[in-house]
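Worksheet: the structure to be examined is printed underneath.
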Amino acid sequence: MMLVAISLAGACKKDENGAGKGGVAINNENSAKGLFSKMNNLWKVTLRPTLAKTPQLYTNTILNGTSGTATVNGEYSTTRSSSSSSTRSSSTVDVTVTFKDFEADGLTINGTLRFFDYSNSRTACSSSGCASSNHTDLDYQSKNSSGGSLGPVSVQFEYSGQNYKDAVTMDINKYDNAHWAIIIINSAGETINTSY
């Protein structure tokens, strides 16, 4: 009887921290920030370095993760113009990515997301000197370019010693030097709205 009681206690503990079920829901600020951390790393470390090499259109381009695949549709474009007094350059990555059991940096993801990454820099000079300006816009979202829903994505990851597993829609964005705005809707319909 004592052995049974110890086993049950162990099972309860596993369920409590998510290990028994593969993970707990994303339902508070800490878990939302954990998802943001994984998504930001997914874009900046894994996807963007591959997609932002040469300006081109992507049509059902397949990328491989540690396991699984990501199918990319969209475009990477750049522009540059200059005159005797100013220089302007910009780059835009606007892609929709469909993940299938895609794993990178401890994140496993299934579903479709749009990644929008825009930067613009301008330098203007006059007799009094030169001035520069820079603008950026970075978005990870469950909407297409027309605002239509792409549906939820299933995510599983570990953050701060906790395992998470949920199906969520997200709208994560950052403009210029502002804080990240993070809106997550989990599988229970709960909305987590925070910043980072």
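The values are calculated or read from the model by the stated rules, or taken from the named source; none is laboratory data. Note that this is a predicted model, so its numbers are computed, not measured. Positions of Cβ are generated from backbone atoms using ideal geometry, with glycine treated the same way; all protein chains shown enter the neighbour counts. Areas reflect the complete protein model, heavy atoms only, side chains present, ligands, DNA and RNA absent. Shrake-Rupley method; radii C 1.70, N 1.55, O 1.52, S 1.80 Å.
Residues of region 50-73 that are buried (at least 16 other Cβ atoms within 10 Å of the Cβ) and either among the aromatic types (Phe, Trp, Tyr) or at positive phi (or both): Tyr58, Gly68. Set side by side, the residues Tyr140, Tyr175 differ, and just one is of a type in the set (Phe, Trp, Tyr) and surrounded by fewer than 17 Cβ atoms within 10 Å (Cβ to Cβ), which is Tyr175. The residues of region 45-97 that are of a type in the set (Lys, Arg) and modelled with pLDDT of 95 or more, listed by number, are Arg48, Lys53.
Yes or no, residue by residue, for (1) of a type in the set (D, E, K, R); (2) farther than 13 Å from Met39 by Cβ; (3) in contact with a strand residue (DSSP E or B) (Cβ under 7 Å, 6 or more places away or on another chain):
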site	(1), (2), (3)
Gly106	no, no, yes
Arg114	yes, no, yes
Ala131	no, yes, yes
Thr136	no, yes, yes
Lys143	yes, yes, yes
Ser146	no, yes, no
Val153	no, no, yes
Asn173	no, no, yes
Ile192	no, yes, yes
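Here the condition is being under 27 Å from Thr66 (Cβ atoms) and among the polar types (S, T, N, Q); of Thr123, Thr191, Thr112, it holds for Thr112 alone. In the condition set (1) over 16 Å from the mean Cα position of the chain (by Cα); (2) under 25 Å from Ala131 (Cα atoms); (3) crowded, with 17+ Cβ neighbours inside 10 Å, Tyr76 is compliant with all but (2). Taking the listed residues His179, His135, the one that is over 18 Å from the mean Cα position of the chain (by Cα) and over 23 Å from Tyr58 (Cα atoms) is His135, with no other qualifying. If you go through region 1-34 and keep only what is farther than 12 Å from Gln162 by Cα and at pLDDT 95 or above, you end up with Asn27, Asn28, Glu29, Ala32, Lys33. Scanning region 30-39 for residues that are closer than 18 Å to Thr112 by Cβ and open to solvent by 10 Å² or more (accessible area, probe 1.4 Å) gives a single hit, Lys38.
Could you check, for region 117-132, whether at least one of its residues is surrounded by 15 or more Cβ atoms within 10 Å (Cβ to Cβ) and touching a residue at least 40 places away in the same chain (Cβ under 8 Å)? Yes, some residue in region 117-132 is surrounded by 15 or more Cβ atoms within 10 Å (Cβ to Cβ) and touching a residue at least 40 places away in the same chain (Cβ under 8 Å).
Does Arg114 fit the bill of being closer than 30 Å to Asn186 by Cα and basic (Lys, Arg)?
yes
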